[in-house]
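Trainee: The following block contains the structure, expressed as structure tokens.
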2 protein chains.
Amino acid sequence: MITGKNYIGSQLKAAGTKIYKTINPQLNIENPWSFIEATPEEINEAVALANDAFKIYKNYPAQKKADFLNAIAEEILALGDELLEVYCSESGYPKGRAEGERGRTIFQLRTFANMLTEGSWLEATIDTSIPDRLPLPKDDLRKMLVPLGPVVVFGSSNFPFAFSTAGGDTASALAAGCPVIVKSHSMHIGTGEMVASAVIKAAKKNNIPEGVFSNLIGSGVTLGTSLVKHPLVKAVGFTGSINGGRALFDLASQRPEPIPVFAEMGSINPVVILPDALEKNSKKWAAAYAGSITLGTGQFCTNPGLLLGIKGEKLNQFIDQLAEEIEKIAPSCMLHPSIKADFNNGKEKIQSQNGVSTVAEYKGEIAPNYAPQTILTVDGKTFLENPALSHEVFGPFSIIVQCKNNEELLTIINKLDGQLTGTIIAEPMELSNYNAVVDALQNRVGRLIFNGVPTGVEVCASMIHGGPYPASSDSRFTAVGIHAVKRWVRPFSYQNWPDELLPSALQNKNPLNITRTVNDIITNKPI
Amino acid sequence: MITGKNYIGSQLKAAGTKIYKTINPQLNIENPWSFIEATPEEINEAVALANDAFKIYKNYPAQKKADFLNAIAEEILALGDELLEVYCSESGYPKGRAEGERGRTIFQLRTFANMLTEGSWLEATIDTSIPDRLPLPKDDLRKMLVPLGPVVVFGSSNFPFAFSTAGGDTASALAAGCPVIVKSHSMHIGTGEMVASAVIKAAKKNNIPEGVFSNLIGSGVTLGTSLVKHPLVKAVGFTGSINGGRALFDLASQRPEPIPVFAEMGSINPVVILPDALEKNSKKWAAAYAGSITLGTGQFCTNPGLLLGIKGEKLNQFIDQLAEEIEKIAPSCMLHPSIKADFNNGKEKIQSQNGVSTVAEYKGEIAPNYAPQTILTVDGKTFLENPALSHEVFGPFSIIVQCKNNEELLTIINKLDGQLTGTIIAEPMELSNYNAVVDALQNRVGRLIFNGVPTGVEVCASMIHGGPYPASSDSRFTAVGIHAVKRWVRPFSYQNWPDELLPSALQNKNPLNITRTVNDIITNKPI
């Protein structure tokens, strides 16, 4: 079933000679399939097809795009257990995770399909003419969101389904009306090819123009660089490291025509635990925090890598309880030997810094790509003075900072880089005493959580997955939830355009029956 | 009344020694005032004040910000005729234009104030919890737009009121909750100081924190560069040339923490005139086009610099009629001797290209800074082969391209740079025969106009003033209309946050009575 070839539109092609193999991290051996990297000609062909397809696909009615997205979901499900097995063999995740993530991916596709048929996402806004206005008549103006053009998607390593080939970036771009060229993530190319085959099947069944979707293979930076620099590419979605995301952002910004890059990058997702919560529920929070750190072998974007508390007996007790909870949890497998190596290096670098001590570290025997979850601690002053201590270590790792007082806590928060999330653990009564802390944290994050853990990113309209740099390259957008579509669209106005030639979303009689803003009133009535 | 000093917050300061003077282009002499350029210390002080002010101002209730904006409008009006006189002496525009533009500026400020009290702009979105959902409970999530932080505004030369000190960028940023630091446009620093004094008065009367607004003077690039590179600055608004906008975009993109730049830059605003319109209404359109080219001495962002038609008798007749209309119009004054010099150079460069002929050029005697409106023509093939012919010439200038057929017309449109506007002049019946032309033009512009002229940018929710690069640096935003506020905000989520500690826009009882999306339903009901 896995051919090892690129999808250039619906065609499986492999004119190249460079071979690449993925690794089964559980078994620590190569997987059986050989993948052929895309040639420069194949890359150009995929982009040219996407550009041609855009001219047709951008004008497709909402229902047709919705049918396409729903069909992708069906075709992914139709791949059955074989897809889950390939996913597990390329990620090291257990089957339950594969099923759960497939469910999330299906849900995302269907959510964007529903968004399309519901229609208010278009932000259709109409100001009708006032011919007798003085001193000048007012023209008729009608605005809606229109797609940007071909989008390149760089999938993540840690969500081989939900943030990869047909994940959130692809689903939102296809919903927007943009063709998508996926750079298959090199750690799960087999999974990527299978999911791509589902997209292609869905495209054929729904008469979607050739080139709306391509899936390309490449192990180095050449493929990604060629795509981002290509003049016909109009936007980029990326999920991964700060270095990777920044490199793409720089390339895109330096083009003769700069294009938007939405890169969801690093985050250590600070958690602040306040004194009354330590006093009353220390053990409960220790267990919850231990679970959050180790979820998915700590490989969630929202994994809490930093805990801030006020120095004292209660915090000491919490640290002991956390160590106890952490040691109860069996280590699990990381995504790839290189990710395990990065985890070890990052962890050891921080452990070697002055003033850092290890609170808990799994010491039993573990398989080669398994990660020993690790908790360190340091005092606030040392943390403030050494920027190395706030670097993300991707995996089950967290550092507890013991602040000497509220002022030091506030100073640390104000100096933090931008983050996806910030969490406050507190008794309800004490929270209002920490307005300055909450306010400072709000300014550094995209999502603020009360008495919970940051892992677990609900797919809904109110979710923000993004935040100040470097959590993402543009905090004005989210990568999760229906508003992720806004990354790939621009507002567009028609002035005095004949009603019958307007897109149906803007016509007087409102044939799509969508919610619009007409002369500043929100309504779904016709004009 | 004009002190020549910088407003560092509410303080007039001038520790510097570099003096700058503005020019009266009508009289071609220096204006009487001496302006003192801001020192590096003053620049840093303004940014630090803005950063401190942000912490307070971002949490101000909507009504308080609305009152501030309305008060700015009142204080500008209170400056009376003296403000109009200074405006005219620094711009060369007549008094009628000064009054009209002041009216527009007042209207913009009041429109943003109304937006604040109406409240739906916040995009408040709520998904309530589902504690018994399986396999996992659903958390309560609530999202709204929050301000980015201090914004630097570079005003335009051509709208000393409406796109400068208290113009659209400043008004939208203040509405968003962002402090603003204006780099006063060097051609109208006196006008800028007077308007700044109005903003400062309004701020004092409304108890707005010190530093929410500063107004700095600088003639070279040092001031702008320092501001854009300052780590506490979080976004930039710019209206001006492609070179200027791109330089700021590059600086901002290369920062350790890149920040968004919304630059509204060059546009030649192509107008396509179709055969039946030439047949039936040639004379009418020639008069309208001549009026549009010369409006405000051709110094509108949406000035039509390019007219595309199909070669033939009818187009020849239109060209003759346009020449006749153009020659009827008395030349007017440009903004500055340097703008007049650029106009001459740009015009002469294009006139000197092979295959270009002059259709009309005002030949009478004119005052030093007055611009002789000029119309050139060239065939489609020559235009396609010579990129110099599509460069913007800022001023009353237009080139008519005679395409040999529809195919060549389409090729030219597809090769155009991004534009603010595209216009189609056609008889209603013929438009549907030109779907490919309309579709191609739609893809290159931010606003598509039917049977009108592109000059005249209505301030309303359905207006887009922006477009694909280089019309603007980010086509996903507009510079005109209430949605201009979206440039300065980011979406933000609260998860399981106690109701009484949420911003009022997100509280259950909806105390602001604003329109929100609650569990995917648009409503202003409480929860």
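The values are calculated or read from the model by the stated rules, or taken from the named source; none is laboratory data. This is a predicted model, so every value here is computed, not measured. In this analysis, Cβ positions are derived from the backbone assuming ideal geometry, glycine residues included, and neighbour counts consider all displayed protein chains. Side chains are part of the model used for accessible areas, which takes the heavy atoms of the whole protein and leaves out ligands, DNA and RNA. Shrake-Rupley method; radii C 1.70, N 1.55, O 1.52, S 1.80 Å.
Trainee: Total Å² of accessible surface buried at the A-B contact, 1.4 Å probe, nearest 100?
Mentor: Chains A and B together bury approximately 6100 Å².
Trainee: Next up: Carbon and sulfur atoms: what percent of the 1.4 Å accessible area of the stretch A:85-164 do they account for?
Mentor: Roughly 61 percent of what the probe reaches on the stretch A:85-164 is carbon or sulfur.
Trainee: In peptide A:415-423, how many Cβ atoms from other protein chains are near each Cβ within 10 Å, on average?
Mentor: Partner Cβ neighbours, averaged per residue: 1.
Trainee: Determine how large the accessible area of A:His230 is when every protein chain is in place; take a 1.4 Å probe and give Å² rounded to the nearest 10.
Mentor: My reading of the accessible area for A:His230 is about 30 Å².
Trainee: I've got another one for you. Using a 1.4 angstrom probe on the protein heavy atoms only, line up B:Asp139, B:Asp520, B:Asp474 by accessible area, largest first.
Mentor: B:Asp520, B:Asp139, B:Asp474
Trainee: For chain A, give the share of DSSP beta bridges that are antiparallel, in percent and rounded to the nearest 5; count only bridges with both residues there. Provide the component values of the computation, followed by the final result.
Mentor: Numbers: 29 of 68 bridges.
The answer is about 45 percent antiparallel.
Trainee: Let me spell out the model: positive unit charges on the Cβ of Lys and Arg, negative unit charges on the Cβ of Asp and Glu, origin at the Cα centre of the stretch A:191-298. What dipole size does that give, in debye rounded to 20?
Mentor: The dipole of the stretch A:191-298 has a size of about 240 debye.
Trainee: Would you please classify the overall shape of the stretch B:252-336 from the alpha carbon gyration tensor, given that a ≥ b ≥ c denote the square roots of the eigenvalues, rounded means a/c under 1.5, and beyond that prolate means a/b larger than b/c while oblate covers the rest?
Mentor: Working: a/c = 4.30, a/b = 1.93, b/c = 2.22.
Here the stretch B:252-336 falls in the oblate category.
Trainee: Which one, A:Ile76, A:His483, A:Pro526, is farthest towards the positive end of the dipole of chain A when Lys and Arg carry +1 and Asp and Glu -1 on their Cβ?
Mentor: So the residue furthest toward the plus end is A:Pro526.
Trainee: Continuing with this model, one more query. How much of the accessible area of the stretch A:471-527, probe 1.4 Å, is carbon plus sulfur, in whole percent? Write down the numbers at each step before the final one.
Mentor: Details: 1020 of 2070 Å².
Carbon with sulfur: 49 percent of the solvent-accessible area.
Trainee: Where only protein heavy atoms count, and the probe is 1.4 Å, what is the accessible area per residue for the stretch A:271-450 in Å²?
Mentor: 38
Trainee: For the protein assembly as shown, what is the largest minus smallest coordinate of the Cα atoms on each principal axis, given in angstrom and ordered from greatest to least?
Mentor: Reported extents, whole Å, longest axis first: 94, 65, 50.
Trainee: For a 30 Å ceiling on Cα separation, which of these pairs sit above it: A:Lys415/B:Lys486; A:Lys65/B:Lys234; A:Lys311/A:Lys415; A:Lys283/A:Lys381; A:Lys55/B:Lys183; A:Lys55/B:Lys143?
Mentor: Working: A:Lys415/B:Lys486 26 Å; A:Lys65/B:Lys234 37 Å; A:Lys311/A:Lys415 19 Å; A:Lys283/A:Lys381 27 Å; A:Lys55/B:Lys183 41 Å; A:Lys55/B:Lys143 34 Å.
Beyond 30 Å: A:Lys65/B:Lys234; A:Lys55/B:Lys183; A:Lys55/B:Lys143.
Trainee: Given charges of +1 on the Cβ of Lys and Arg and -1 on the Cβ of Asp and Glu, with all other atoms neutral, how large is the dipole of the stretch A:330-373 about its Cα centre, in debye to the nearest 20?
Mentor: It works out to roughly 40 debye.
Trainee: Is there a simple number for the mean count of other chain Cβ atoms within 10 Å of the Cβ of residues in A:480-486, and what is it?
Mentor: For this peptide, the per-residue mean of nearby foreign Cβ atoms is 2.
Trainee: Moving to a separate point now. Can you give me the distance in nm between label points at A:Glu327 and A:Ser352, each placed 7 Å from the Cα along the Cα-to-Cβ direction?
Mentor: Between A:Glu327 and A:Ser352, the simple spin-label model gives 2.7 nm.
Trainee: Of A:Glu75, B:Glu500, B:Glu74, which has the most accessible area with a 1.4 Å probe, and how do the rest follow in descending order?
Mentor: I get B:Glu500, B:Glu74, A:Glu75, largest accessible area first.
Trainee: Counting only protein heavy atoms and a 1.4 Å probe, tell me what percentage of the stretch A:271-450's accessible area is made up of carbon and sulfur. Don't jump to the answer; show the numbers that get you there.
Mentor: Working: 3370 of 6850 Å².
Carbon with sulfur: 49 percent of the solvent-accessible area.
Trainee: Report the residues of the stretch A:1-37 in range of a label on A:Asn44: point 7 Å along Cα→C-beta, backbone N strictly under 16 Å from it.
Mentor: Label zone hits: A:15-16.
Trainee: In whole angstrom, how far apart do the alpha carbon centroids of the stretch B:408-475 and the stretch B:162-214 sit?
Mentor: Measuring centre to centre over Cα atoms gives 33 Å.
Trainee: Further question: Which value, to two decimals, describes the C-alpha radius of gyration of chain B once divided by 2.2 N^0.38 Å? Display every interim value, and only then the final one.
Mentor: Numbers: Rg = 24.7 Å, N = 527, 2.2 N^0.38 = 23.8 Å.
In units of the globular-protein estimate, chain B measures up at 1.04.
Trainee: So with the 1.4 Å probe, I'd like the accessible area per residue for the stretch B:28-149, rounded to whole Å².
Mentor: I get 41 Å² per residue for this part.
Trainee: Could you point to the residue in A:Ile449, A:Ala53, A:Thr117 farthest towards the positive end of the protein assembly as shown's charge dipole, with +1 and -1 charges on the Cβ of Lys/Arg and Asp/Glu respectively?
Mentor: Most positive-ward Cα: A:Thr117.
Trainee: With all protein chains present and a 1.4 Å probe, how do B:Phe107, A:Phe397 order by accessible area, largest first?
Mentor: B:Phe107, A:Phe397
Trainee: If you take every DSSP beta bridge fully contained in the stretch B:271-450, what fraction is antiparallel? Give it as a percent rounded to 5.
Mentor: 20
Trainee: Name the residue from B:Val182, A:Gly211, B:Leu431 whose Cα lies farthest towards the positive end of the charge dipole of the protein assembly as shown, charges +1 on Cβ of Lys and Arg and -1 on Cβ of Asp and Glu.
Mentor: The one lying farthest along the dipole's positive direction is B:Leu431.
Trainee: Enter the mean number of other protein chain beta carbons within 10 Å of the beta carbon of each residue in B:472-479, as an integer.
Mentor: What the average comes to for B:472-479 is 5.
Trainee: With each label point set 7 Å from Cα along the Cα-Cβ vector, what nm distance links B:Ser219 and B:Lys283?
Mentor: In this crude label model, B:Ser219 to B:Lys283 measures out at 5.2 nm.
Trainee: Now for a different question. Which value, in debye to the nearest 20, describes the size of the charge dipole of the stretch A:271-450 about its Cα centre when Lys and Arg Cβ atoms bear +1, Asp and Glu Cβ atoms bear -1, and nothing else is charged?
Mentor: 220
Trainee: Counting only DSSP beta bridges with both residues in the protein assembly as shown, what percent are antiparallel, rounded to the nearest 5?
Mentor: In the protein assembly as shown, approximately 40 percent of DSSP beta bridges are antiparallel ones.
Trainee: Related question: Using only DSSP helix segments of four residues or longer, with each worth -39500 (n - 2.57), what per-residue ellipticity at 222 nm results for chain A after dividing by its residue count and rounding to 500?
Mentor: Computed mean residue ellipticity for chain A: -12000 deg cm²/dmol.
Trainee: Could you tell me the center-to-center distance, by alpha carbons, between the stretch A:501-527 and the stretch A:85-139 in angstrom?
Mentor: 19
Trainee: Quick check on the stretch B:211-272: take the gyration tensor over C-alpha atoms, sort the square-rooted eigenvalues as a ≥ b ≥ c, and tell me if it's rounded (a/c under 1.5), prolate or oblate. Working shown, then result.
Mentor: Numbers: a/c = 2.09, a/b = 1.65, b/c = 1.26.
Note, shape of the stretch B:211-272 comes out prolate.
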